[in-house]
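The values are calculated or read from the model by the stated rules, or taken from the named source; none is laboratory data. Values in this document were obtained by computation on a predicted structure and should not be read as measured data. Because the Cβ atoms are built from the backbone with ideal geometry, glycine has one as well, and the counts that use them run over all protein chains shown. With ligands, DNA and RNA removed, areas are computed over all heavy atoms of the protein, side chains included. Shrake-Rupley method; radii C 1.70, N 1.55, O 1.52, S 1.80 Å.
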Number of protein chains: 2
Amino acid sequence: ESVVPPCGACKFLRRKCSGGCIFAPYFGTDQGAASFAAVHKVFGASNVSKLLSSISTNHRHEAAATIFYEAQARLSDPVYGCVSTIIALQQ
Amino acid sequence: ESVVPPCGACKFLRRKCSGGCIFAPYFGTDQGAASFAAVHKVFGASNVSKLLSSISTNHRHEAAATIFYEAQARLSDPVYGCVSTIIALQQ
């Protein structure tokens, strides 16, 4: 077995990162842990894992990006999240 | 002790609904269970409970509404969620 650094998600979750890790392609080793912390706090690792699994591989990058966007928005604006952007754009 | 029907969230979670239930004001007995099912699937009960607790009482209605909006959007569009609305409005 070769030792591979865990992806950002597994680093954050302090677990082993397997070859087939669903998070690895979207949460890199370096900055991925910080991104995943936000996603984890808002959605939870299990929900994001289920969501990504339900999406075809070629759309998972976009899904991970929009999930991260929503998570960041909710952390900076707990009441409105990214809905504040929608309201602002509609006006 | 009087028997009170559980709120929609507790009905969905099949648990007792206490007087201080954090979900009760935002997930009514009748349609609340369906709304909460969406919120639960996307965010998870525990994350939503923590989020609502962190917000002052007078802003929780808006928070519950935007969380429900995001959850619905993510279930109908798993890849983009409500970010699809933001992208459409920006164009």
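Compute the distribution of all C-alpha to C-alpha distances in the protein assembly as shown, in bins of 10 Å from 0, and list the percent of pairs in each, rounded to whole numbers.
P(r) over the protein assembly as shown, rounded to whole percents: 10, 35, 32, 18, 5, 1, 0.
Assume the label is 7 Å from Cα along Cα to beta carbon: what separations in nm does B:Gln31 have to the matching positions in the other copies?
4.2
Go ahead and run the numbers for FRET between A:Gln91 and B:Ser76, Cβ-Cβ distance against an R0 of 30 Å, rounding to 0.05.
0.80
Kindly give the distances from A:Ser18 to its copy-mates, label point to label point, with each label point 7 Å from Cα along Cα→Cβ, as nm values to one decimal ordered shortest first.
3.8
With Cβ to Cβ distances under 12 Å as the rule, what net charge do the other residues near B:Phe27 carry (K, R +1; D, E -1)?
In short, +1.
Using a loss threshold of 40 Å², tell me which positions in the range A:63-91 are less accessible in the complex than in their chain alone. Probe radius 1.4 Å, ligands and nucleic acids ignored.
Residues losing area: A:Thr66, A:Glu70, A:Arg74, A:Pro78, A:Val79, A:Tyr80, A:Val83, A:Ile86, A:Leu89.
Other chains' Cβ within 10 Å of A:19-32 residues: what's the mean?
Counting other chains' Cβ atoms within 10 Å and averaging over A:19-32 gives 0.
Where does helix A:60-76 land angle-wise versus the long Cα axis of chain A, in degrees 0 to 90, nearest 10?
The angle comes out at about 60 degrees.
How many nanometers, to one decimal and shortest first, lie between the label point of B:Ile55 and those of its other copies, if labels sit 7 Å from Cα toward Cβ?
Ordered by increasing distance: 2.3 nm.
Taking all protein chains in place and a 1.4 Å probe, what share, in percent, of the accessible surface of the range A:8-90 do carbon and sulfur account for?
Carbon and sulfur together cover 54 percent of it.
With runs of 4+ DSSP H residues as the only contributors, calculate the mean residue ellipticity of chain B at 222 nm using -39,500 (n - 2.57) per run, divided by the residue total and rounded to the nearest 500.
-16500 deg cm²/dmol
Assuming 1.306 mPa s and 10 °C, estimate D for the range A:8-90 with Stokes-Einstein, Rh taken as the Kirkwood radius over Cα pairs, in µm²/s.
In µm²/s, the coefficient rounds to 120.
Please compute how much accessible surface disappears when B pairs with A, both sides summed, using a 1.4 Å probe, and round it to the nearest 100 Å².
Heavy-atom accessible area buried at this interface is about 2200 Å².
For the range A:37-50, take each phi angle, set θ = phi - 60°, evaluate the Karplus expression 6.51 cos²θ - 1.76 cosθ + 1.60, and give the result in whole Hz per residue in order, putting x for glycine and proline.
After applying 6.51 cos²θ - 1.76 cosθ + 1.60, I find 4, 5, 4, 5, 5, 8, 9, x, 4, 5, 5, 5, 4, 5 Hz.
So, in Å, what gap is there between the alpha-carbon centers of the range A:1-41 and the range B:1-37?
What the calculation gives is 36 Å, centre to centre.
A:His59 to A:Ser84: extension gain in nm, 0.36 nm per residue of separation minus the Cα-Cα distance?
Taking 0.36 nm per residue and subtracting the Cα distance, the gain is 6.5 nm.
With unit charges on the beta carbon (Lys/Arg positive, Asp/Glu negative), name the residue among A:Gln31, A:Asn47, A:Ser76 whose Cα is farthest towards the positive pole of the charge dipole of chain A.
A:Asn47
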